[in-house]
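Reading through the structure tokens given below for one structure.
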Amino acid sequence: MRTRAAVLREAGTEYEVVDLEVLDPGPGEVLVEMAYAGLCHSDEHLRHANPGGRYPIVGGHEGSGVVQAVGAGVTGVAPGDHVVTSFLPACGHCRSCASGRSNLCDKGATIATGQLPTGTFPYRLDGEPLGGFCMIGAFARHTLLSEFSCVKIDPWLPLDTAALVACSVPTGWGSAVYSGGVRPGDTVVVVGLGGVGVNAVQGAVHAGAMHVIGVDPVAMKREFAESLGATRTVADAGEAVPLARELSRGTGADVVVVTVGKMTAEVFKAASACLGKGGTLVLTALADRPDEGRATLNGQITTVFEHRVQGSMFGSCNPFTDIPRLLRLHEEGRLELDRLITRRYALDEVNQGYRDQGAGETVRGLLVHAD
């Protein structure tokens, strides 16, 4: 069938909205009509060739929609079901899934090329096969997904807020709760208060942190983080170092979560300086290019003070259990989702959405497919 999508022809270009062909679902595949897609910074990294994608490629990996058709053997969803996309498929059978780390599922090996686990490239553009970023392609009105990437949700839940639980909310919330292991009474620093960072704030509050310090140069984001429970906010990570020590009576932060849009050695150094003894540094941030994300670790300090550096993919969440859990917390009034959506955009406005994001004008922009 024909559909419209925002495509990156090559790295370094802007998204181009085109008509293309999306294939019918084969075995293990699901055709979804997308309703909403979040404008995540990871899709900006794709514009800068990190991870090294296969171009052209349909952008978008955070979204929600309605199942239109399923291929042979699909049992988890059916036509008419409301779903949230999981940019990390979870097969439930590989070593990672079997050991409780489904966010590292082996089926995610081709997220940069968009080739589905079945071997299918879902789209055809001028006769050329192409994939969707993270095997999702949420910037397409219709997309073809692996059944391992479809999380069924209750039909009464609004699809706009549900879209955010595909990536930014669990990545941030889980980075504090799971990856960082925040405990009651902890002092937590969150560096970067965008779509992921504000949810790290929510996660730290949920876990019972006593002090949550938010760091961001944009005043609007600092104020928003305070409305979600951050106890103090500062504009620069350097300011957070003495503040964390003051609030913790000299010990420093128990957990520091780095969620900036672009990881650099300078950010790593400043965030590390906030840590107290036995503290954990959680990294969710990526760089535009792999070489830009390199940082120097002081092995002596790390050893003597038992610091831990923890990478965090999808907040160490399980998409099939934590996406429903987070939506349930929202229904109970224990997790803010509605106010996270700062601005809405039509598909043709996708590039403007990213310009607004780069200018610090949005916490989360939302692409609206629905008529």
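Since every read-out is calculated from the coordinates, none of them should be taken as a lab result. Quick caveat, the model's predicted, so the values are computed rather than measured. Note: ideal-geometry Cβ built from the backbone for every residue, glycine included; neighbour counts use all protein chains shown.
Key figures for this structure:
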{"item": "Rg to Rh, two decimals, where the chain supplies the alpha carbon set and Rh follows Kirkwood", "result": "0.97"}
{"item": "Farthest positive-ward along the chain dipole, Cα basis, beta-carbon charges - from His307, Thr296, Ala225", "result": "His307"}
{"item": "Calculated FRET efficiency for the pair Arg343/Val304, C-beta based, R₀ 51 Å, to 0.05", "result": "0.65"}
{"item": "Label point distance in nm, Ser99-Ala359, each placed 7 Å from Cα along Cα→Cβ", "result": "4.7"}
{"item": "Proximal lysines to Lys221, defined as alpha-carbon separation beneath 30 angstrom and excluding residues fewer than eight positions away on the same chain", "result": "Lys262, Lys269, Lys277"}
{"item": "Within straight-line cross-link reach of Lys107, lysines at Cα separation under 22 Å, skipping those fewer than 8 residues along the same chain", "result": "Lys152"}
{"item": "Cβ charges +1 (Lys, Arg) and -1 (Asp, Glu), total dipole of the chain, debye", "result": "1020"}
{"item": "Net lengthening on full extension, Glu223/Glu239 (0.36 nm per residue, minus Cα-Cα)", "result": "4.1 nm"}
{"item": "The range 169-314, dipole about Cα centre (Lys/Arg Cβ +1, Asp/Glu Cβ -1), debye to the nearest 20", "result": "240"}
{"item": "Distance (nanometres) between label positions extended 7 Å along Cα→Cβ at Glu10 and Thr321", "result": "4.6"}
{"item": "Positive-end residue, the range 169-314 charge dipole about Cα centroid, Cβ charges, pick of Gly278, Gly250, His211", "result": "Gly278"}
{"item": "By average C-beta atoms within 10 angstrom, highest first, the peptides 194-207, 313-326, 21-34", "result": "194-207, 313-326, 21-34"}
{"item": "Highest average packing first - 104-115, 173-184, 140-151, Cβ atoms within 10 Å", "result": "140-151, 173-184, 104-115"}
